[in-house]
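S.K.: The structure is given below, and queries will be raised subsequently.
The values are calculated or read from the model by the stated rules, or taken from the named source; none is laboratory data. A quick note: this is a predicted structure, and the numbers were derived from the prediction, not measured. Heads up, the Cβs are rebuilt from the backbone with ideal geometry, glycines too, and the neighbour counts pull from every protein chain shown.
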Amino acid sequence: MRSRSAAVVLVALVLLVSACSDDEPEERILSTPAGVVGEWLGGLETLDLDALVATTDPANVALVAGAENDFDVGQMVAVVESGLPEAALRSYWTTFRDGLVAFIEPPLSAVSVGSAERFAIDGRQHAAVTVSRGDAETEIITTLSLDGWKVDLTATTGPALAVQVRRLVARTVAEAEDDVARRYARIAVESLGAALERDPDNRALDLEVEAIQDLPIDLGS
């Protein structure tokens, strides 16, 4: 599978780090934005697919993977509910992880997760989790779903892929059934909207979000 994950991570995240306090009960860790970020990155370090699946939304990951790898609409339809097949998922996360360790000194667990700043957009709850190493820091965006907090890969890496995301969603709206097109369009609008909330001066991202909102699909149905 072709991927630009290393470049996307370098541009979008600058620095990606992980760790959780070992003395916190697991249930509490997994129910907090910071805990989910640490759990996801721990899974990324060891390529624990169960942890990676548990801490992300499959359609959200599929949207990023599809934008990075120029998936056709048939591929996006096939993975909308259950996500990428296991072999493709392992390949994607392996490339993603390798892109990280090419730019930061492993292991990922040697760095730390900090505080989370919660915010809401149209009633949907998000949290930006500060991650740092030395004097450098950035944030990972998480979103509250029915299953708890999830790492929002589209919100976190999406700004660097906004054009590709918009093009992929536009093709999906034009060629797929409305329920599939609506699912991806909603993810794009909500996740990129969360990224825009954290970077309101990003005019290029703002224009891409507006373009997705203007696509001929009813996001409210």
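S.K.: For GLY148, all conditions in the list (1) surrounded by 15 or more Cβ atoms within 10 Å (Cβ to Cβ); (2) within 24 Å of GLY66 (Cα to Cα) hold save one; what is the number of the exception?
M.R.: Only one criterion in (1) surrounded by 15 or more Cβ atoms within 10 Å (Cβ to Cβ); (2) within 24 Å of GLY66 (Cα to Cα) is unmet by GLY148, namely (2).
S.K.: Where in segment 67-158 are there helices (runs of 4 or more DSSP H), lying fully within it, with 3 or more residues that are touching a residue at least 60 places away in the same chain (Cβ under 8 Å) and under 18 Å from TYR184 (Cβ atoms)?
M.R.: 73-78, 153-157
S.K.: When you check PRO159 against the structure, is it more than 20 Å from ALA65 (Cβ to Cβ), out of contact with any strand residue (DSSP E or B) (no Cβ under 7 Å at 6 or more places or on another chain) and of a type outside the set (Lys, Arg), yes or no? Steps first, please.
M.R.: Values: more than 20 Å from ALA65 (Cβ to Cβ): no; out of contact with any strand residue (DSSP E or B) (no Cβ under 7 Å at 6 or more places or on another chain): yes; of a type outside the set (Lys, Arg): yes.
Answer is no for this residue.
S.K.: Just to be sure, is ALA65 modelled with pLDDT under 90 and of a type in the set (A, V, I, L, M)?
M.R.: No; evaluated as a whole, the condition is false for this residue.
S.K.: Name the residues in segment 196-210 that are part of a helix (DSSP H, G or I), among the charged types (D, E, K, R) and either free of Cβ contacts under 8 Å to residues at least 40 places away in the same chain or in contact with a Leu (Cβ under 6 Å, 6 or more places away or on another chain) (or both), would you?
M.R.: Those that are part of a helix (DSSP H, G or I), among the charged types (D, E, K, R) and either free of Cβ contacts under 8 Å to residues at least 40 places away in the same chain or in contact with a Leu (Cβ under 6 Å, 6 or more places away or on another chain) (or both): ARG203, ASP206, GLU210.
S.K.: From the set of residues in segment 35-60 that are of a type in the set (A, V, I, L, M) and crowded, with 24+ Cβ neighbours inside 10 Å, which is modelled with the lowest pLDDT?
M.R.: LEU41
Matching residues to (1) touching a Phe, Trp or Tyr at 6+ places or on another chain (Cβ under 7 Å); (2) closer than 22 Å to GLU81 by Cα:
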position	(1), (2)
THR138	no, no
THR142	yes, yes
TRP149	no, yes
THR154	no, yes
ALA174	no, yes
GLU177	no, yes
ARG183	no, yes
GLU208	no, no
ALA211	no, no
